[in-house]
Structure formats: structure tokens, C-alpha cells
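What follows is one structure encoded as C-alpha cells, with my remarks underneath.
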Amino acid sequence: MAALATPPARMGLVVIQALRKKHCGECRRGPVALLVLEDGVPRCLDCVDLGHLVFLPRGDTALTRRSREESALSAVVVRFNRRKGRYERQGVLVEEEALARAEERCLADAEVRRRRRIRDAGRRAEEDARFTDAFAAEILRLFPGCPTERARAVAAHASVRGSGRVGRSAAGRTLSEVAVTSAVIASVRHLETPYDQLLMSGVPRHEARRRIAGVVE
């Protein structure tokens, strides 16, 4: 009966998910998977007036919280973890109508979040486009001989959001000369020199950069 030790009182109304199926100590029906302990005696949900509730597994915090808010009667479902020696939450029992109302609230919120994500994505895309334009303009200012399309390609590559590239560094976001020049050098290094081939042949990065430094300049 170790698994039927009384759960902590702070959990409120508690239903136990038995490790082994038990019979109700009142109506003798069973085996029952869910039970309530009263004075150490297991009783089925019907005998303790909880049989009309439905089980909501753990996992969706918002849905669980709202279901309990909507439900006049609810209970926490726990199961004893023998290895850890403690009860762990498995979900809640709530009124079916309350669960339906909670699901509607969550769906409404999901739609709001979806629309917000779309708006945020559009805003970020506009910000990224403006930043790429500014980065390209700075490349053309520092390197007036650079073709416009090449400047835009370098700027677009260097400023991809979340890429960790130089355009997204603190210096890059302020369009510092060092950051912009680094982006141009990186592009030249990969496209106009044998740098990549040197790396593929096993030449250490610093040595490969030394060998092609003159060509880059």
C-alpha cells in the first residue's frame, strides 16, 4: 500500500492514479484506475461524487489553468513515483463543459497570437530590408568601385537575422567601418580567392588567410 500513501494536503482535492488497479472499498466495483482515499480506504470516483468529471492530461498549462477556473469542481490527478518516493501530477479532473469553454478561450488566444506573429514578422521584414539597404549604402560609400548588386548581395548575406554574422554584431548594427569592411573582405575571400580550396585541402585557417591576403587587398 506504499503507493496509496496520502498525498500532500496542499494539493487540495486529489485523485490517485493507482499503480495497480484497486477495487472500491464502498461499492466493491473494480478494478478502478482512478480513486480517492478516504481514511485510507480507496473509493471510486462515482462513490465520491466525482464520476462526472473528465480527465485533462498535464502538458498544456494555459488550458489546465483555464479549465480549473471554469470548473466549479475539479481535482488534481497524481501518481506515485516509486523511484523518487513522491507523488507527481498527471493532470486534472474538470467538468466537461468547463473544459469546452477553456478550449474555446485557448483557441481564441491562439488566433490572437497567430495574428501577432504575422504582424511581427512583417515588421521585422521591413526593419531587415531597411537595415540591408543602409548596409549596402555604407559598402558603396567605403568601396565606390563595388557594383551595386554585389554590395546588396554582401549586405543581405551579412545582415541575416539570427545568423550571427558580422552585420548582426553590435558593431554591424551601428554600421561601423570595421564591420562593413569585414563583410566585404569575407565576400571577396570566398568568391575571388582560392581560400575555400585551401581550407578543404587541410591548410589551417590562419595560414590560408595569410596566403590570400594580397589578393584580398
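The values are calculated or read from the model by the stated rules, or taken from the named source; none is laboratory data. Owing to the predicted nature of the structure, the values given are computational and were not obtained by experimental measurement. Heads up, the Cβs are rebuilt from the backbone with ideal geometry, glycines too, and the neighbour counts pull from every protein chain shown. Accessible surface is based on the protein model in full, side chains and every heavy atom, while ligands, DNA and RNA are left aside. Shrake-Rupley method; radii C 1.70, N 1.55, O 1.52, S 1.80 Å.
Can you pull out every residue in region 19-29 that is open to solvent by less than 40 Å² (accessible area, probe 1.4 Å) and over 19 Å from residue 93 (Cα atoms)?
Taking region 19-29 as the starting set, the residues that turn out to be open to solvent by less than 40 Å² (accessible area, probe 1.4 Å) are 24-25.
Hit for region 19-29 is 25, nothing else.
How many residues does region 100-128 contain that are over 18 Å from the mean Cα position of the chain (by Cα) and either touching a residue at least 40 places away in the same chain (Cβ under 8 Å) or open to solvent by less than 50 Å² (accessible area, probe 1.4 Å) (or both)?
Looking only at that region, the number is 5.
For (1) modelled with pLDDT of 90 or more; (2) within 16 Å of residue 17 (Cα to Cα), each residue gets a yes or a no:
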{"site": "77", "(1), (2)": "yes, yes"}
{"site": "96", "(1), (2)": "yes, no"}
{"site": "108", "(1), (2)": "no, no"}
{"site": "119", "(1), (2)": "no, no"}
{"site": "124", "(1), (2)": "no, no"}
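I'm trying to understand the selection: among the residues of region 202-213, which are open to solvent by 30 Å² or more (accessible area, probe 1.4 Å) and more than 37 Å from the chain's Cα centre (by Cα)? First the steps, then the outcome.
Step one: of region 202-213, the residues open to solvent by 30 Å² or more (accessible area, probe 1.4 Å) are 202, 204-207, 209-211, 213.
Those that are open to solvent by 30 Å² or more (accessible area, probe 1.4 Å) and more than 37 Å from the chain's Cα centre (by Cα): 202, 204, 206, 207, 209, 210, 211, 213.
Quick grid of which residues meet (1) within 30 Å of residue 53 (Cβ to Cβ); (2) without any contact (Cβ under 8 Å) to a residue 12 or more places away in the chain; (3) under 22 Å from the mean Cα position of the chain (by Cα); (4) surrounded by 15 or more Cβ atoms within 10 Å (Cβ to Cβ):
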position: 138; (1), (2), (3), (4): no, no, no, yes
position: 155; (1), (2), (3), (4): no, no, no, yes
position: 159; (1), (2), (3), (4): no, no, no, yes
position: 165; (1), (2), (3), (4): no, no, no, yes
position: 176; (1), (2), (3), (4): no, yes, no, yes
position: 200; (1), (2), (3), (4): no, yes, no, no
